[in-house]
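A short write-up of the structure that comes next.
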Amino acid sequence: MSRFIFHTLVYSIIAGIFLGLLMKWMQYVTGYKIYTLLMNVDYIPILKEYTFPGWVEFTFHLIIAVILAYVIVWIAWKKSFTRKQLISFTVIVNIVIAIALYPTTTLSDRTPPLLSFPSFGLWLVAHIAYGVVLGILLARLIPFRLKNRREGVV
C-alpha cells in the first residue's frame with residue numbers, strides 16, 4: 001500500500017511539472033499569459049493579499065496536482081477502472097477543471113482576458129495533455145492494484 005501511495009505522489013508531481021513547463025513554454029512562444037494564469041492565486045481570498053515568489057506559486061500548483069491525483073486514484077479504485085477508463089476519466093476531469101478555472105482570469109489584471117480565445121485554447125490543450133500524461137502514469141498502478149484487490153490484500 002505504501003508503494004502505491006508513493007507512486008501516486010511521484011506520478012502527480014511529474015505530471016504537474018510537465019503541465020507547468022508546457023504552459024511556461026507555450027507562454028514564451030505565443031505571449032499568451034497562460035502560465036501566469038496557472039500560477040495565479042488572486043481568486044483565493046486570503047492568498048490574494050500576498051505576493052509570492054515563483055517557486056512558492058509553483059509549489060501551490062504541485063500541491064493541487066497531488067491532491068487531484070489522489071482523488072482520481074481513489075475514484076478509479078472505487079469504480080475498478082481499467083487502464084483505458086482511468087486515462088479517459090483523467091482527461092475528462094482535466095477538461096472540466098480547465099473550463100471551470102479559466103474564468104478566474106477575470107479576477108486578476110496579470111492574466112489573459114476572459115474572451116481571449118487563443119489563451120483559452122492553449123489552456124485547454126495544455127490541460128488535456130496533462131490529463132493524458134497523468135492518466136498514463138496513474139494507469140501503471142492498475143495491474144498492481146487489481147491484483148492485490150482480488151487477493152484481498154487491499
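Yes/no per residue for (1) of a type in the set (A, V, I, L, M); (2) closer than 27 Å to THR111 by Cβ:
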| residue | (1), (2) |
| --- | --- |
| ARG3 | no, no |
| ALA15 | yes, yes |
| LEU22 | yes, yes |
| TYR32 | no, yes |
| TYR35 | no, yes |
| ILE46 | yes, yes |
| TRP55 | no, yes |
| ILE64 | yes, yes |
| TYR70 | no, no |
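When the stretch 94-117 is limited to residues that are under 18 Å from VAL41 (Cβ atoms) and hydroxyl-bearing (Ser, Thr, Tyr), the one that is modelled with the highest pLDDT turns out to be TYR102. Applying the criterion of at least 3 residues that are surrounded by fewer than 17 Cβ atoms within 10 Å (Cβ to Cβ) to the helices (runs of 4 or more DSSP H) found wholly in the stretch 1-92 leaves 2-30, 54-79. One residue alone among GLN27, GLN85 is polar (S, T, N, Q), closer than 18 Å to LEU138 by Cβ and under 19 Å from the mean Cα position of the chain (by Cα), and that residue is GLN85.
The values are calculated or read from the model by the stated rules, or taken from the named source; none is laboratory data. Just so it is clear, the model here is predicted, and its values are computed rather than measured. Backbone-built Cβ (ideal geometry, glycine too); neighbour counts: all protein chains shown.
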